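Below is one structure; the comments refer to it alone.
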Amino acid sequence: MASQTTADRTTVTSLGPANPNHNGHGGRSDVSDLGDLGDLNGNFNDAAGRPGPLPNWLVADLRTDHAGETGAVFIYRGMLATTRHAAVRHFAQTHLATEAAHLALIEPWLTPRQRSLLLPLWGVAGWLTGALPALLGPRAAYATVQAVETFVDQHYTEQIERIDRIHPAKASPALNEIRALLAACRADEIGHRDEAAELLAGHATPLSPALRLWVWSVGAGSRAAVKVCRRI
């Protein structure tokens, strides 16, 4: 597991609004108030000195995050729809609340037009990713979450490192706030991964070949979905 700085351990629920004149969506400032970040080393305002839109690379990153958190919400909804196992239901209900909080905080950074056009597909894919293994029992459910969150940790880490390549003098307050949000989301996802791994370790039986194949497909599918979301 990658090391975490103190800032990276900030919980999502502790992240407040960047601007007191928020837009009513979880305290976040509207996209039009965020500043034009330009390229990685550009200015953050337009020629008239007014805040501009987010740059394309950051919009693409956030679009994948928004789609991913949407899928995560549906993963746990799928689990709850198909399992009656008390421990799995508690696990899913707890994590569903966290993923819903992530989604509520990321969503206001994008206009509706900037979000993935395939959100219904990601919802269906997420629901099936949670529902199918939950039908098979706790081991399959926990193995699935471990696979998903292992990928998500890597995904958020790459985004944070991309932001960290910007010289601090060039980083706008909005960019710093987005970085803090991504780091907090990553910390939560690492917690989900580690909890799933611990619960899975409580089942002494090794994963079957079929379950190992399913876990691999979950990771591969997540990687493919990110590539698509950066464009659509």
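The values are calculated or read from the model by the stated rules, or taken from the named source; none is laboratory data. From a predicted model like this one, the values you see are computed outputs, not experimental measurements. No Cβ is skipped: glycine too gets one built from the backbone with ideal geometry, and neighbour counts run over all protein chains shown.
On the stretch given as the range 189-205, residues that are hydrophobic (A, V, I, L, M, F, W, C) and modelled with pLDDT of 90 or more total 4. Is it true that His66 is within 20 Å of the chain's Cα centre (by Cα), at pLDDT below 90 and not small (Gly, Ala, Ser)? Answer is no for this residue. Hey, among the residues in the range 62-93 that are surrounded by fewer than 24 Cβ atoms within 10 Å (Cβ to Cβ) and charged (D, E, K, R), which one's farthest from Gly137 (Cα to Cα)? Ranking the qualifying residues of the range 62-93, first place goes to Arg63.
Filtering the range 206-232 to residues that are modelled with pLDDT under 90 and either assigned to a loop (DSSP other than H, G, I, E, B) or among the aromatic types (Phe, Trp, Tyr) (or both) leaves Pro206, Leu207, Ser208.
Taking (1) under 30 Å from Ile166 (Cα atoms); (2) part of a loop (DSSP other than H, G, I, E, B) in turn, Arg84 satisfies each apart from (1).
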